[in-house]
Amino acid sequence: TRTHRRRLAAEQMRDAILSVGGELDLQPPKGPTFPPERSADYGFISTARHRSVYLPVFRNALPEFFEAFDFAPPSTVTGKRSESIVPTQALFLLNHPFIRQQTESATRRLPGEPITNPRQGIRRAYQMALGREPTPRESRVAEQHLTNRSGQAGWAELFHALFASADFRYLD
């Protein structure tokens, strides 16, 4: 049977990015998720790498990732989330420090052979990020990119492009 494409929710997308970067902590946090020394949630930024379901959600300090990708407002009852496609989502995936950090983490997870065997590395990067093999055209474009931009920076940019792709954000 076939089904329609479905966009990942903000929590799923954040967890997938952390998983590809090898930084997703599947264990529930031990102790409070909000620092006891803080008196208010204004300006609170969580740096936890736990699954999104364990993150504290406050009306006044929603994580930036959730704000960008249609997280339900925590102050209202929401039966169905809205789904928008706006430029700020693409800009978030291209420019946010969290995404850049995770592309570098994903690059470090590649074994040592991609530098000498780029095709194998490209296949592994696509499997890690998209759960599939690259098409021949995608392989050619990635190889061309890696010949123009060698080293860790080229691989980080490849992961960056995969995170920003529609194939990463949608399930078939």
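The values are calculated or read from the model by the stated rules, or taken from the named source; none is laboratory data. Because the structure is predicted, anything quoted here is derived from the model rather than measured. Neighbour counts are summed over all protein chains in view; Cβ atoms, including those assigned to glycine, are modelled from backbone coordinates with ideal geometry. Quick note on the areas: whole protein, heavy atoms, side chains included, nothing else; ligands and nucleic acids left out. Shrake-Rupley method; radii C 1.70, N 1.55, O 1.52, S 1.80 Å.
Brief remarks on what is shown
- The order of 150, 39, 139 by accessible area, most exposed first and with a 1.4 Å probe, is 39, 150, 139.
- The label-point distance for residue 37 and residue 81, in a model that sets each label 7 Å from Cα toward Cβ, rounds to 3.3 nm.
- Between the Cα long axis of helix 136-148 and the first principal axis of the chain there is an angle of about 90°, rounded to the nearest 10.
- The candidates 49, 81, arranged from most to least accessible area with a 1.4 Å probe in the full protein assembly, appear as 81, 49.
- Solvent accessible area, Å² - residue 169, 1.4 Å probe, full protein context: 50 Å²
- Expressed as a whole percent, the accessible area of segment 124-172 that falls on carbon and sulfur atoms is 49 (1.4 Å probe).
- Listed residues 35, 122, 54: farthest to the positive end of the dipole of the chain (Cβ charges): 122
- Sparse packing (at most 13 other Cβ atoms within 10 Å of the Cβ) combined with a DSSP loop state is found for the following GluC sites (Glu not before Pro) in segment 1-110: 37, 83.
- Placing +1 on the Cβ of every Lys and Arg and -1 on the Cβ of every Asp and Glu, with nothing else charged, gives segment 109-172 a dipole about its Cα centre of roughly 60 debye.
- Ligands, DNA and RNA are left out, and with a 1.4 angstrom probe the accessible area of segment 13-172 is 60 Å² per residue.
- List 20, 53, ordered by accessible area with a 1.4 Å probe, largest first: 53, 20
- Summarising the amide proton neighbourhood of residue 50: residues at separation of 5 or more, or on other chains, whose placed amide H is nearer than 5 Å comprise 25.
- Principal-axis tilt of helix 118-130 within the chain, Cα atoms, nearest 10 degrees: 30 degrees
- Loop chymotrypsin sites (Phe, Trp or Tyr not before Pro), segment 56-97 (other Cβ atoms within 10 Å of the site Cβ: 16 or fewer; DSSP): 58
- Overall, the chain carries a charge dipole of about 400 debye about its Cα centre when +1 sits on the Cβ of Lys and Arg and -1 on the Cβ of Asp and Glu, all other atoms neutral.
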